[in-house]
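Have a look at the structure below before the remarks.
The values are calculated or read from the model by the stated rules, or taken from the named source; none is laboratory data. Because the structure is a prediction, the values reported are computed rather than measured. When we count neighbours, we look across all protein chains shown, and the Cβ atoms used for this are built from the backbone with ideal geometry, even at glycine. These accessible areas exclude ligands, DNA and RNA; they are computed on the full protein's heavy atoms, side chains included. Shrake-Rupley method; radii C 1.70, N 1.55, O 1.52, S 1.80 Å.
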Amino acid sequence: MTPPVEAPVPPPKRNNSSLIVVVVLGGVGVMCILLIAVGAAVLFPVFAQARRTASRTDALRRMRELSIGALMYSNDNGDRFPLAATWMDGLSKYVPMKRGFHSPGLNQRSPLDRPGYGIAFMKSLSGASVASIENPAQRVMIFDSTLMGPNAASGLETVPKPPRFGNADTGGNVFLFVDGHVKLVPAVGEVNLK
């Protein structure tokens, strides 16, 4: 008797569905990465602009605190401004936070900027009587400066160029005027500063 002939066994069917799943998931992953990259490219400039605006607002707020401190100082000292050589020391008891004496715009233009204060007192106002100042709304008292030391005092020749906040076209420096108002001035030459 002849042995029974076994029927040929067909090769096992390959399940191509796992290959399709891998290709689909890989495509979805690549699309997600592309969407994240496009979203980041759109949002990074927005975040950078928001950071610059927040820094400028912080500078105006800090200068406003110095304004209040300077007015309180003059009220307590015979309506006179502090001496230029010790103006920060004189205002320190009237300014709630010591970081109020530091410009937040430092180290934003360039990593080569030196650490320091970055603001200065108008030297010509040293010990002057508040009542003797003509046009207090146009007379600068404290301003952004390239001088980094404590109790820095000078004229407007030390105002940063290009401006500390923004660029040369759209930026500005922060100024505190004798009458107490604070302003972001686009460029020294564009405003009548004394």
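Failed condition for Pro162, given (1) open to solvent by less than 30 Å² (accessible area, probe 1.4 Å); (2) at pLDDT below 90, with all others met?
So Pro162 meets the others, but not (1).
Just a yes or no: is a residue in the stretch 31-52 under 25 Å from Thr170 (Cα atoms), at pLDDT 85 or above, assigned to a helix (DSSP H, G or I) and out of contact with any Cys (no Cβ under 9 Å at 6 or more places or on another chain)?
No, the stretch 31-52 contains no residue that is under 25 Å from Thr170 (Cα atoms), at pLDDT 85 or above, assigned to a helix (DSSP H, G or I) and out of contact with any Cys (no Cβ under 9 Å at 6 or more places or on another chain).
Tell me yes or no: at least one residue of the stretch 26-42 is open to solvent by less than 60 Å² (accessible area, probe 1.4 Å) and under 16 Å from the mean Cα position of the chain (by Cα).
Looking for residues that are open to solvent by less than 60 Å² (accessible area, probe 1.4 Å) and under 16 Å from the mean Cα position of the chain (by Cα), one finds none in the stretch 26-42, hence no.
Please go through the stretch 114-171 and pick out each residue that is under 23 Å from Thr53 (Cβ atoms) and in contact (Cβ under 8 Å) with a residue 60 or more places away in the chain.
Across the stretch 114-171, the qualifying residues are Ile142, Asp144, Arg164, Phe165, Gly166.
Look at the stretch 139-170 and say how many of its residues are polar (S, T, N, Q) and either under 20 Å from Leu91 (Cα atoms) or in contact with a strand residue (DSSP E or B) (Cβ under 7 Å, 6 or more places away or on another chain) (or both).
Number satisfying all stated conditions: 4.
To keep it simple, each residue is scored yes or no on (1) open to solvent by less than 10 Å² (accessible area, probe 1.4 Å); (2) in contact with a Phe, Trp or Tyr (Cβ under 7 Å, 6 or more places away or on another chain); (3) at pLDDT 90 or above.
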| position | (1), (2), (3) |
| --- | --- |
| Arg114 | no, no, no |
| Ala120 | yes, yes, yes |
| Ser129 | no, no, yes |
| Ile142 | yes, yes, yes |
| Asp169 | no, no, no |
| Phe175 | yes, yes, yes |
| Pro186 | no, no, no |
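Pro45 is checked against (1) in contact with a helix residue (DSSP H, G or I) (Cβ under 7 Å, 6 or more places away or on another chain); (2) without any contact (Cβ under 8 Å) to a residue 24 or more places away in the chain and fails just one. What number does that condition carry?
(1)
Which pairs turn up if I take residues in the stretch 64-92 that are on the phi > 0 side of the Ramachandran plot and surrounded by fewer than 20 Cβ atoms within 10 Å (Cβ to Cβ) and look for partners that are β-branched (Val, Ile, Thr) and not in a loop (DSSP other than H, G, I, E, B) with beta carbon separation below 6 Å, at least 6 apart in sequence or on another chain?
From residues that are on the phi > 0 side of the Ramachandran plot and surrounded by fewer than 20 Cβ atoms within 10 Å (Cβ to Cβ), the pairs are Asp79/Val130.
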